[in-house]
Every structure is written in C-alpha cells, then in structure tokens.
Amino acid sequence: MSAKPETPRQTTIYDIARQVGLSASTVSAVLNGNWKSRRISEKTAERIRLVADRQGFALNQQARALRRQRSNLIGMIMPKYDNRYFSSIAEQFEHRARIRGLFPIITCTSRDPELELQAARTLLSYKVDCVIATGATNPDLISDICRASGVLNYNLDLPGSRAPSVISDNYGGALVLTSRVLAACAAEAGRPEPLAFIGGRSTDHNTLERLRAFRDAHAQAGIAPREDMILTTGYAAERAEQAVTQLAAAMPTLPAGIFVNSTSALEGVMRWLRTHHPEATIPHIGSFDWDPFAALIDSRILMARQDVETMLDILFDMMAERAQDRHCTEVPVRQIAAASED
C-alpha cells in the first residue's frame, strides 16, 4: 500500500525572516502594513514582500481583521477625476494604501452633496476603517456620519471643522501667483493693471483664500481689483468659457492678465480665446493648478503646482497615529512656474 503524499508545509513568517536575514517582527510589520511606523525603509519592505510572494505566503486577512477589529479597507470620496490634481491624489492614495497593506476604495461624486452623503454611508456599510473626504462640499456632514459609526474621518483639499484636515496653502500660493502675473502685465504695459479672476466657488474655503490673496497682491502692487472682473462661476470649463464671454461683452478689450482657479476652468478660458481670437496674443494667465500640457499652449501661462505627495504623507501619518484633533494642516504649494519650466 503506497504512502499518502505529504502535504506541503506552509511558509511561515519565520521562513521568510531567515531568507531575508531579518527578524520575524520586522517581517510581520511589513506584511501587516505597519512597517512605516516601525521606521522600516520602503526598500526593505519591498524585498520582504517579494520573497513572500515567491513563497506563496498570504495572510488570512479576514481572520486578522476579526482579531484586530479592523477591515483594512479605507475609502476616499472624490469630487472629480477631470484634472491632474485630483487624478494624482487618487493614484498616489492607492499606492500609499497598498504599500501599507490597506485596500483603497475610491468613489467620485461630481461635487453633488447628496452623492457625497450616499457615498459615505455606503463606505461605512462596507466596514471601512477610515473615510477621507476630498474636496467635499460639506465635509462636516460626512464627519458627523463617520463619528456616529465610530469610524476615523479626515478631510483633504477642503477643510472641515469636525475632523482633521490637510490642504494646500491657498493664500500663500495665490499671493505669489497673482503677484507674478501682475508683474508680467506691468512689465509689458509699463503700468500695473488689474487682473480678472475666473473660476471656483465663492462659498468654499479655497476660493475665498485665493480671493483674499488676489486682493492683497493687488494692494501690494498699488492698484485695486475690479469687482466686476471677479467671476466665481464654478470649476467647469463651460462656466469659465461663459465668464470670458461676459468679460468680453462688458469691456472694450480683455484684461491684460487673468487668474484662473483650476485647469478645468483654464480649458474653458483657452477654448474661448482660441475660438474668438485665434491669432491674438493671449493675456498673461496664472492658473492655480498644474498640467504639463499647458507648455504646449503658451509660455505666458504660469501654474501653481500643489504638493500632493506631502499632503498624502501627512494624511497617512495621521491615520497611522489615529489622530483626531480637529486642526487644519496647510502645505505650501510645491512650485509656481511656467509649465515649460517644470
């Protein structure tokens, strides 16, 4: 009678530790997604994961979640995917989640407050460990729902008053951007001239801070902004195009410079200019948003590049520490330059 074949022994954390020459606790921290809090390098973490994959090692995630009372699911509510800023947030959020052993769920709500609340409730029904509200129209309502469920909640891009927030330094970035566009216009015309402001929502924090900087930069240049040239018509390209139409109808010539409050709005501005004045030199433009393709449009466009990498690093550190103090962390804009200078 032939002997039954032996069942292959399953690889253990100790087997992997021997192969990589590190302690079992280090291997465990990497495979459990806690390596960053242990100050283990990403290179070491990647080496451990590679050996674990080759050995067919897999953690029993369901059992581990039951033991730790955590699902390792984290959710992000996004307003749009229509520009590099938000698409970069989504991509880098996923990357940072996965290297920590977390599974990211991202949903886009098109800046619809009802969809935002529906998304938050759905994420909570899946027992996510954390909900990140990115650019939410009313982040405090999302915070209330999360707190009632005992789930961590953070705000990204737009702040709230009931959860920790990580945002760009909108005032500082807009002050520099406006000042540089004003200086370019003054150098060309021989005198300072007020800029137009197009895009954004007059009710959200980021637009209000950029407008405050816009007005302060004008004051520093010794001129007053024209209130009839401040058109907070939203972020959509179509609305920005309508705003330029409105400016053109009300003025003999377009302003020498324009502050544009996103690359989505910039698309509408450029569409109007190329349609109605295809041969004319475009105004000096400062875009509080960044896209390298703007270098193919015109070198007169300055862009503010927000520091997505640092914002997300701070956010994940907060999650690791389970920070719940309701302060707002402002991250300086990474770069203000013509896209061709990037």
How would Tyr14, Tyr81, Tyr171 rank on accessible area, largest to smallest, probe 1.4 Å? Tyr14, Tyr81, Tyr171
Taking the Cα centre of segment 166-292 as origin and charging only Cβ (+1 Lys, Arg; -1 Asp, Glu), how large is the dipole, in debye to the nearest 20? 160
Given the whole protein assembly as supplied and a 1.4 Å probe, what does the accessible area of Ser41 come to in Å², nearest 10? 60
How high is the relative contact order of segment 227-342, given as a whole-number percent (alpha carbon pairs under 8 Å, six or more residues apart)? 23
Once Arg47 and His276 are pulled to full extension, the length gained, defined as 0.36 nm per residue separation minus their Cα-Cα distance, is 76.8 nm
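At 20 °C and 1.002 mPa s, what whole-number value in µm²/s does Stokes-Einstein give for the translational diffusion of the chain, with Rh from the Kirkwood sum over Cα pairs? All intermediate terms of the calculation are to be shown ahead of the outcome.
Details: Rh = 22.5 Å.
Answer from the Stokes-Einstein relation: 95 µm²/s.
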Of the options Leu50, Ser179, Gln118, report the single residue whose Cα projects farthest towards the positive end of the charge dipole of the chain (beta-carbon charges: Lys, Arg +1; Asp, Glu -1). Leu50
With labels modelled as points extended 7 Å from the Cα through the Cβ direction, what inter-label distance (nm, one decimal) is found for Leu22 paired with Ser299? 4.8
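How big is the antiparallel share of DSSP beta bridges in the chain, given as a percent to the nearest 5?
Details: 5 of 38 bridges.
In the chain, DSSP labels about 15 percent of beta bridges as antiparallel.
Can you send over the carbon and sulfur percentage of the accessible area for the chain, probe radius 1.4 Å, protein chains only? Can you show the working numbers first?
Details: 8530 of 16830 Å².
Heavy-atom surface of the chain belonging to carbon and sulfur, 1.4 Å probe: 51 percent.
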With just the Cα atoms defining each centre, how far is segment 254-305 from segment 192-247? Give it in Å. 14
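If you take the beta carbon distance between Arg334 and Arg54 as r and set R0 to 35 Å, what does 1/(1 + (r/R0)^6) give as a FRET efficiency, to the nearest 0.05?
0.40
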Any idea of Lys80's accessible area? Nearest 10 Å², probe 1.4 Å. 60
Sequence ranges 267-279, 230-242, 90-102, ranked by mean other-Cβ count within 10 angstrom, highest first: 230-242, 90-102, 267-279
So if each residue of separation counts as 0.36 nm, and I subtract the Cα-Cα distance between Ala183 and Glu227, what length gain in nm does that give? 13.8 nm
C-alpha long axis of helix 205-220 to longest principal axis of the chain, angle in °: 40
Calculate, for Arg39 and His327, the FRET efficiency according to 1/(1 + (r/R0)^6) with r their C-beta to C-beta distance and R0 35 Å; round to the nearest 0.05. 0.90
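As an exercise, use a Förster radius of 30 Å and the Cβ-Cβ distance of Gln92 and Ala148 to find the FRET efficiency, rounded to the nearest 0.05. Display every interim value, and only then the final one.
Numbers: r = 30 Å, r/R0 = 0.99.
That gives a FRET efficiency of 0.50.
The values are calculated or read from the model by the stated rules, or taken from the named source; none is laboratory data. No experiment lies behind these values; they were computed from the predicted model shown. Counting neighbours? That spans all protein chains shown, and the Cβs are built from the backbone with ideal geometry, glycine included. Remember, those area values only see protein heavy atoms, side chains included, never the ligands or the DNA or RNA. Shrake-Rupley method; radii C 1.70, N 1.55, O 1.52, S 1.80 Å.
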